[in-house]
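S.K.: Take this structure, written in structure tokens, and hold onto it; I'll ask about it next.
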Ligand SMILES: O=C(O)CCC(=O)C(=O)O
Ligand SMILES: [Fe+2]
């Protein structure tokens, strides 16, 4: 589908606001033409798996013309201490629109986004572009919240969110000492999903019937809306050769089945929705693989904290190959449509510390194609800090409060 390059600015208010890009060059350092910068924000996450990409809006998908003024949220790698093999990360570039920054506070008093409205413009919260109100009217607050919250908060009525010190302090931990064991023991009793315990220390659990084959095929169709070469480490790398499609756009994430599947997974793991990354769907063709890596790639002291759990769904059978292998545990799980595989990335007795025993790899597909999805759950809220462009680094409160691992 053509979009992005060569786009030109429409006259008058553009139909859609700048939108984070997710395509293009491997490293995704995407800078829209004529952009006046606010600057580099986040070296998001490090190694295995991948962190959230920016969120394009549906309107953006439809309107390539507005891409020229796109906000550039991108990611860059940060190979982290743990390890060796893999990392996917991003640097988010928060850039104002190409035609400059307009501080617009022109609404009639009491109108949404006006100075007199509860969530309207006030010091520290201004529309930074003359088109904010127009964008808000066409639904961009919902479709493109990352950009809009940061740049058009009065127009969206989100000044309270903007002014919250989201990135500066860690919220409550969703998982405490002993909770992982309790969660897995409970999950292992969910007979409707066909549970099989493969390991108890660390926990590795399979649900042979987490999704019906029909559901899995539909998740694959919806989730696989936009496959791009998978990233790890510094970007495209020989350790991960599959394709990735992020369910971070309304056309995917608002689908009732996607919501239902996530709800089920979150219920099993007893985790809040906001702690979840978006669903990431993978496709492996013959010869493709993901070498040994660990999924915990976040700074434990960051606003969102470590990835605590991986909930992995297989969305296809594979004729040969494509198993998920845990080399330290001598476990290999074969892909089967509807099967789910769950494991923790941190220790039950020290929930901020990566448990490297759950390193794993995607074995090469030999015959057929493999489709699967990752859902990663963080210790603390992830979605709002993602929207706000927070960084993968210790929050101020950790520096004051000392070392969480002490
Ligand atoms: O495809 C698999 O079996 C595992 C994929 C994986 O480990 C990942 O995407 O982080
Ligand atoms: Fe992984």
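S.K.: Could you work out the relative contact order of segment 179-386, using alpha carbon pairs under 8 angstrom and six or more residues apart, expressed as a whole percent?
M.R.: Computed value for segment 179-386: 26 percent relative contact order.
S.K.: What is the pair-distance distribution P(r) of segment 147-294, computed from all Cα-Cα distances in 5 Å bins starting at 0, with each bin given as a whole percent?
M.R.: 2, 7, 12, 13, 17, 19, 16, 8, 5, 1, 0
S.K.: Looking only at Cα atoms, what is the convex hull volume of segment 179-386 per residue, in Å³?
M.R.: 109 Å³
S.K.: Sort 265-273, 131-139 by packing, meaning the average of other beta carbons within 10 Å per residue, with the highest value first.
M.R.: 131-139, 265-273
S.K.: How many angstrom lie between the Cα centre of segment 188-228 and the Cα centre of segment 364-401?
M.R.: Computed from Cα coordinates, the inter-centre distance equals 20 Å.
S.K.: Please grab the % of Cα pairs in segment 250-354 that end up more than 18 Å from each other.
M.R.: Here the tail beyond 18 Å accounts for 57 percent of pairs.
Readers should treat all values here as calculations from the given coordinates under stated rules, not as data from a laboratory. Nothing here was measured: the structure is a model prediction, and the numbers come from that model. Glycine also receives a Cβ, built like all others from the backbone with ideal geometry; neighbour counts cover every protein chain displayed.
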